[in-house]
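I have placed the structure first, in the form of structure tokens, so that the comments after it can refer back to it.
The values are calculated or read from the model by the stated rules, or taken from the named source; none is laboratory data. All figures in this text were calculated on a predicted structure; none of them were measured in a lab. Every residue, glycine as well, gets a Cβ built from its backbone with ideal geometry; the counts of neighbours run over all protein chains shown. Each accessible area value is taken on the protein alone, full model and side chains, heavy atoms only, with ligands, DNA and RNA left out. Shrake-Rupley method; radii C 1.70, N 1.55, O 1.52, S 1.80 Å.
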Amino acid sequence: MSLAKRIIPCLDVDNGRVVKGVKFVDIRDAGDPVEVARRYDQEGADEITFLDITASSDNRETIVHVVERVAEEVFIPLTVGGGIRTVADVQRMLNAGADKVAINTAAVFNPEFVKEASERVGSQCIVVAIDAKKVSAEGEPNRWEIFTHGGRKETGLDAIEWAKKMADYGAGEILLTSMDRDGTKIGFDLELTRAIAEAVPVPVIASGGVGNLEHLAEGVLEGKADAVLAASIFHFAEYTVGEAKQKMAERGIEVRL
Amino acid sequence: MSLIAVVDYGMGNLRSVSKALEHVAMADQKVIVTSDPADIAAADHIVFPGQGAARDCMLELRQRRLIEPVLKAAREKPFFGICMGLQVLLAHSQENKGIECMGLYDGEVRFFGNAFAEQGINQKEAMLKIPHMGWNRVHQTQAHPLWQGIAQDSRFYFVHSYYVSPVDQGLAAGETEFGIKFVSAIARDNVFAAQFHPEKSAADGLQLLENFTRWNGSQN
């Protein structure tokens, strides 16, 4: 194999600014998205993901302008998620310069939307974001379910079945976030990651819980993820993307150096 | 003023391609995104991108009466195909239950899954996820002006489920491994075409595009 495992820094964007919340509270300002994206590109990021967490729909246009500005000077793949509900939303983001669009809640409420969007723009542009939480009790076989609204609303959907269905409906990639781990810095839910990665025929991006570089390596080696996504460890300059890649290379993982 | 025309046939967003070209173009070069055959005829360099399904690509090209103008350009001037813009240059694609393509080169566009099955590769066990997505190495199989300044086996960004299998293997300019070895770039006369996306491949991708904007279409 010579296909590299990818490291994807994620920027949570609120009203055009990069922020990072720990479990969606305590949101801290981490700068201008264009500057941050440029820095990640120079450090060797393989892709960049923007999650628009702007609450007010009045301010949704800001993320479009952010993507436009980034796409003018950063020549690596860009993914945008957050508030994508219609094929028109998908096309607006792609036209702004995004390469992929992440669909989350809208897929849960209307799975046909994923089918429609992937038929229109191609599976390669459609990422389905899955927020999963463990629902099995200690000692029971593992079971994870899909949650929406930042982990607050349960749906009763089994995470593995849901991931398979989404791949079947045309998702070109799965962005998997453990809601138990997101913001905790104690590492990915590796069992969840592996269960999904082995169940679907499309690439899986592991997300949620990265606190150090070893966690990233674990996501690939034990979680079998094709890519690993992290936000805060890169935002606050705890580690650079370059250091993350060195670490992964040391662990025998093929990366783009 | 010299003109670089990016051919727009409604398949995918061309903003990234045009922005990357603007980034590397010389001061006297202008980048335009166009579906007008007159622009294609007038341009000095042609970039032929594309994403999506083969059937839709061929349909759009036909409806916009772009097949002949694009083929003519591919016979005459510096021409760069990207992703689907490489695939549709071949005669036939396995996509959408079989699609006739432009036929500039003899050969077929094949599905990775079929190749794995034929070669007895267990896709699930080997964890070969389709689409082939991410940064993979391109082994340069011939010296070419467009490879100038790009190290052997550099990584470029790929996202595709089908690959080209030209009858004349001498067309290959680059090879990549993904379960199987496949042709990831071709070059012949004034044509260069890549399966990967140079506009998304950071410094090496920009170098390739820069080399193209300086290329006169000859081999030296």
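What number goes with the only condition from (1) in contact with a helix residue (DSSP H, G or I) (Cβ under 8 Å, 6 or more places away or on another chain); (2) surrounded by fewer than 23 Cβ atoms within 10 Å (Cβ to Cβ) that B:Leu61 does not pass?
(2)
Look at segment A:222-247 and say how many of its residues are buried (at least 17 other Cβ atoms within 10 Å of the Cβ) and either of a type in the set (S, T, N, Q) or within 13 Å of chain B (Cβ to nearest Cβ) (or both).
10
For B:Asn216, which of the numbered conditions (1) open to solvent by 10 Å² or more (accessible area, probe 1.4 Å); (2) farther than 19 Å from A:Asp46 by Cα; (3) not in a loop (DSSP other than H, G, I, E, B) fails to hold?
Answer for B:Asn216: the failing condition is (3).
Just give me the residues in segment A:45-76 being open to solvent by 10 Å² or more (accessible area, probe 1.4 Å) and small (Gly, Ala, Ser), in sequence order.
A:Ala55, A:Ser56, A:Ser57
May I ask you to verify whether B:Arg75 is surrounded by fewer than 16 Cβ atoms within 10 Å (Cβ to Cβ), away from chain A (no Cβ under 14 Å) and over 17 Å from the mean Cα position of the chain (by Cα)?
no
For segment B:99-126, name all the residues that are more than 16 Å from the chain's Cα centre (by Cα), small (Gly, Ala, Ser), open to solvent by 30 Å² or more (accessible area, probe 1.4 Å) and more than 12 Å from every other protein chain (Cβ to nearest Cβ).
Passing the criteria: B:Ala117, B:Gly120.
Assuming B:Arg188 fulfils every condition listed in (1) open to solvent by 10 Å² or more (accessible area, probe 1.4 Å); (2) touching a helix residue (DSSP H, G or I) at 6+ places or on another chain (Cβ under 6 Å); (3) within 29 Å of A:Glu43 (Cα to Cα); (4) away from chain A (no Cβ under 12 Å) apart from one, which condition is it?
It fails just one condition, (3).
Among the strands (runs of 3 or more DSSP E) contained in segment A:128-182, which hold 2 or more residues that are of a type in the set (D, E, K, R) and open to solvent by 60 Å² or more (accessible area, probe 1.4 Å)?
The strands (runs of 3 or more DSSP E) meeting that bar are A:153-158.
At pLDDT below 95, of a type outside the set (D, E, K, R) and in a loop (DSSP other than H, G, I, E, B): does that describe B:Ala126?
Judged against the criteria, B:Ala126 is a match.
Please find, among A:Ala102, A:Ala71, A:Ala88, the residue that is under 21 Å from B:Val159 (Cα atoms) and away from chain B (no Cβ under 11 Å).
Being under 21 Å from B:Val159 (Cα atoms) and away from chain B (no Cβ under 11 Å) holds for just one of A:Ala102, A:Ala71, A:Ala88, which is A:Ala102.
Given the criteria at pLDDT 95 or above and within 15 Å of the chain's Cα centre (by Cα), does A:Ala167 qualify?
Criteria not met by A:Ala167.
Please work out which one of (1) touching a strand residue (DSSP E or B) at 6+ places or on another chain (Cβ under 9 Å); (2) more than 11 Å from every other protein chain (Cβ to nearest Cβ); (3) modelled with pLDDT of 95 or more is the condition B:Arg214 fails and give its number.
Unmet for B:Arg214, out of (1) touching a strand residue (DSSP E or B) at 6+ places or on another chain (Cβ under 9 Å); (2) more than 11 Å from every other protein chain (Cβ to nearest Cβ); (3) modelled with pLDDT of 95 or more: (1).
Just to be sure I understand, how many residues within segment A:156-184 are among the β-branched types (Val, Ile, Thr) and within 14 Å of chain B (Cβ to nearest Cβ)?
Total satisfying the criteria: 1.
Can you confirm whether segment B:138-157 contains a residue that is in contact (Cβ under 8 Å) with a residue 40 or more places away in the chain, facing chain A (nearest Cβ under 10 Å) and surrounded by fewer than 24 Cβ atoms within 10 Å (Cβ to Cβ)?
yes
Can you run down the residue pairs with Cβ atoms below 8 Å, 6 or more apart or on separate chains, where the first is in segment A:155-182 and charged (D, E, K, R) and the partner is part of a loop (DSSP other than H, G, I, E, B) and open to solvent by 40 Å² or more (accessible area, probe 1.4 Å)?
A:Asp158/A:Arg143; A:Asp182/A:Lys23
State whether one or more residues within segment B:193-211 are at pLDDT below 95 and either closer than 15 Å to B:Glu22 by Cα or open to solvent by 10 Å² or more (accessible area, probe 1.4 Å) (or both).
No, segment B:193-211 contains no residue that is at pLDDT below 95 and either closer than 15 Å to B:Glu22 by Cα or open to solvent by 10 Å² or more (accessible area, probe 1.4 Å) (or both).
Go through segment A:185-206 and give me each residue that's open to solvent by 10 Å² or more (accessible area, probe 1.4 Å), away from every other protein chain (no Cβ under 13 Å) and not in a loop (DSSP other than H, G, I, E, B).
Passing the criteria: A:Leu190, A:Glu191, A:Ala195.
Where in segment B:1-71 are there strands (runs of 3 or more DSSP E), lying wholly inside it, with at least 3 residues that are away from chain A (no Cβ under 14 Å) and of a type in the set (A, V, I, L, M, F, W, C)?
B:2-7, B:45-48
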